[in-house]
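Below is one structure; the comments refer to it alone.
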Amino acid sequence: MLKIVTYPHPALRYASRPVLRIDQTLRDQIRSMFDLMYEARGIGLAANQVALPQQFFILNLTADPKQRDQEQVFINPEILKRHSSTLEEEGCLSFPGLYAPVPRAKRIRVRYYDLEGQERTLDAEELLSRAIQHEADHLIGRLFIDYLGPEALRAAAPRIREIESTFRAAQARGEFPADAELTRALDDYGREPGRVAASGPVGSP
Ligand code: ZN
């Protein structure tokens, strides 16, 4: 069962791998992620935030589960262009209760695959642009707190510490394994069992 993980779960600093197959597993994961996102009243959620080391994220800028036609899925996204910059308050479901001003490009062009496997290019601005940049960052293990200037970081620090101790306490209660084990699970995700122990590349002695 998927669950939104909070900072500093190692998945949030993990560089995800490209999605290789759009299959029923992926479609089920995406459906669960939309449910989790609506429950948490978010507008976006990246695979890293549910501890899946895969390059995709979901958005629904309305945050309204009744407006399913506003749901968007971005698979293997790549931001091709960034124009101008803007500073706005941002939040993140992996940092509950934390809002801070984050500089982002005002307009972007992004290329990605949709859930039908269709390659698409999108020009985005305003909230959509900001949300795509925030979520695409998750896929390379980058977080919105990384952009905070000294003053914003000082203001955010007490809440970041609280979020961190909440996660460490849950870990101490055994709700999560230790970091090393969580990282191993991320490394192993999607690998066929036994494949790592195989005798190396074809043609090697
Ligand atoms: Zn986030």
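Considering the range 164-182, and only residues there that are within 22 Å of L45 (Cα to Cα) and assigned to a loop (DSSP other than H, G, I, E, B), the residue that is nearest to the ligand (Cβ to nearest atom) turns out to be F176.
Scanning the range 68-90 for residues that are under 27 Å from R154 (Cβ atoms), within 16 Å of the ligand (Cβ to nearest atom) and open to solvent by 30 Å² or more (accessible area, probe 1.4 Å) returns E88, E89. The listed residues are L59, L45, L52, and the only one of them that is farther than 28 Å from A152 by Cβ and crowded, with 16+ Cβ neighbours inside 10 Å turns out to be L52. Of all residue pairs spaced 6 or more apart or on separate chains, none has beta-carbon atoms under 6 Å together with a first member in the range 157-168 that is free of Cβ contacts under 8 Å to residues at least 60 places away in the same chain and a second member that is open to solvent by less than 70 Å² (accessible area, probe 1.4 Å). Can you find even one residue in the range 52-66 that is in contact with a Lys or Arg (Cβ under 7 Å, 6 or more places away or on another chain) and farther than 22 Å from L122 by Cα? There is at least one residue in the range 52-66 that is in contact with a Lys or Arg (Cβ under 7 Å, 6 or more places away or on another chain) and farther than 22 Å from L122 by Cα. Of the residues in the range 91-102, at least one is farther than 18 Å from T6 by Cα and either of a type in the set (D, E) or within 13 Å of the ligand (Cβ to nearest atom) (or both). Counting only residues that are surrounded by 14 or more Cβ atoms within 10 Å (Cβ to Cβ) and within 16 Å of the ligand (Cβ to nearest atom), the range 104-137 holds 11 of them.
Give, as residue ranges, the strands (runs of 3 or more DSSP E) completely inside the range 1-95 that count at least 3 residues that are touching a residue at least 40 places away in the same chain (Cβ under 8 Å) and not small (G, A, S).
56-59, 72-90
Checked against the criterion of being of a type outside the set (D, E, K, R), within 14 Å of the ligand (Cβ to nearest atom) and over 11 Å from the mean Cα position of the chain (by Cα), the candidates A51, A40, A46 yield just one match: A40. Looking only at the range 149-163, which residues are open to solvent by 10 Å² or more (accessible area, probe 1.4 Å) and within 14 Å of the ligand (Cβ to nearest atom)? Residue satisfying the conditions is I160 alone.
The values are calculated or read from the model by the stated rules, or taken from the named source; none is laboratory data. Everything quoted here is computed from the prediction, not taken from an experiment. Ideal geometry is used to build each Cβ from the backbone, glycine not excepted, and the neighbour counts take in all protein chains shown. Side chains included, ligands, DNA and RNA excluded: accessible areas come from the protein's heavy atoms. Shrake-Rupley method; radii C 1.70, N 1.55, O 1.52, S 1.80 Å.
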